[in-house]
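Chemist: Below is the structure I would like to discuss, written out as structure tokens.
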Amino acid sequence: MIEHDTVRLLRECDAGIKMGITSIDDVLSHTQSEDLQKKLKCCKEAHEQLQTRVQQLLGNYQDEGKDPNPIAKGMSWMKTNMKLGMADSDATIADLMTDGCNMGVKSLNRYLNQYKAADEVSKDITKRLIHLEQQLATDIRIYL
């Protein structure tokens, strides 16, 4: 049971990290403020570091991880491009990223509750990812 929940939790973290990195990449070239761009790049680097750790742990279980849901990924891409097409601004980017962070925090907390038997290492990674998402949402509020 522990191994089963651990792998499932790590897989959800993997999908969430990939979604976060893709979302940041989708908006980075549209930023106007150097400070916002710096915050996004810093968050992306932190996501990439967590992704490396998650991949190592999944490798220990001979699991390849999980990609984000293609429908969710496509909807995110469409929303991003539509909103930026109507108002290409840092406020739009902050709005999009805040929505994404909030969805990520909600999902990760749900998975943390769902996979209670997961080991402490995977729970800690999940909590670090939640904190990272919450921190980005807080840091970019000034652009809303």
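Chemist: Rounded to the nearest 20 debye, what is the charge dipole size of the chain about its Cα centre when +1 sits on each Lys and Arg Cβ and -1 on each Asp and Glu Cβ?
Modeler: 280
Chemist: Which of L57, A46, T22 sits closest to the plus end of the dipole of region 7-63, meaning its Cα is farthest towards the positive end, when Lys and Arg get +1 and Asp and Glu get -1 on the C-beta?
Modeler: Toward the positive end, the furthest listed residue is L57.
Chemist: Helix-derived [θ] at 222 nm for the chain: sum -39500 (n - 2.57) over DSSP H runs of at least 4, divide by residue count, nearest 500?
Modeler: Calculated mean residue ellipticity at 222 nm is -28500 deg cm²/dmol.
Chemist: Probe radius 1.4 Å, ligands and nucleic acids ignored: give me the carbon and sulfur share of the accessible area of the chain as a rounded percent.
Modeler: 52
Chemist: Still on this model: I'd like to check one number: the per residue accessible area of the chain, probe 1.4 Å, reported in Å² as a whole number.
Modeler: Each residue of the chain exposes 56 Å² on average to a 1.4 Å probe.
Chemist: Give or take rounding to whole Å, what are the principal axis extents of the alpha carbon atoms in region 1-59, in descending order?
Modeler: Computed over the Cα atoms, the extents are 48, 15, 13 Å.
Chemist: Continuing with the same structure: Once region 96-136 is represented by equal point scatterers at the alpha-carbon sites, with solvent omitted, what log10 I(q)/I(0) does the Debye formula produce at q = 0.16, 0.17, 0.23 Å⁻¹?
Modeler: Each listed q maps to, in turn, -0.38, -0.42, -0.69.
Chemist: Same structure, new question: Principal axes first, then extents: for the Cα atoms of region 45-144, list largest minus smallest coordinate on each axis, whole Å, largest first.
Modeler: Cα spread of region 45-144 along its principal axes, largest to smallest: 45, 27, 25 Å.
Chemist: Same structure again: Report the rotationally averaged projected area of region 1-101 based on its alpha-carbon convex hull, in square nanometres.
Modeler: The orientation-averaged projected area of the Cα hull of region 1-101 comes to 6.7 nm².
Chemist: Identify the chymotrypsin sites (Phe, Trp or Tyr not before Pro) of region 46-130 meeting these criteria: DSSP loop state and at most 13 other C-beta atoms within 10 Å of the C-beta.
Modeler: Taking region 46-130 and a limit of 13 other Cβ atoms within 10 Å, the loop chymotrypsin sites (Phe, Trp or Tyr not before Pro) found are Y61.
Chemist: Please determine, in degrees from 0 to 90 and to the nearest 10, the orientation of helix 90-114 with respect to the longest principal axis defined by the Cα atoms of the chain, where the helix direction is its Cα long axis.
Modeler: So the inclination is approximately 10 degrees.
The values are calculated or read from the model by the stated rules, or taken from the named source; none is laboratory data. A quick note: this is a predicted structure, and the numbers were derived from the prediction, not measured. Don't worry about glycine lacking a Cβ; one is built from the backbone with ideal geometry, like all the others, and counts go over all protein chains shown. SASA here: full protein model, heavy atoms, side chains in, ligands and nucleic acids out. Shrake-Rupley method; radii C 1.70, N 1.55, O 1.52, S 1.80 Å.
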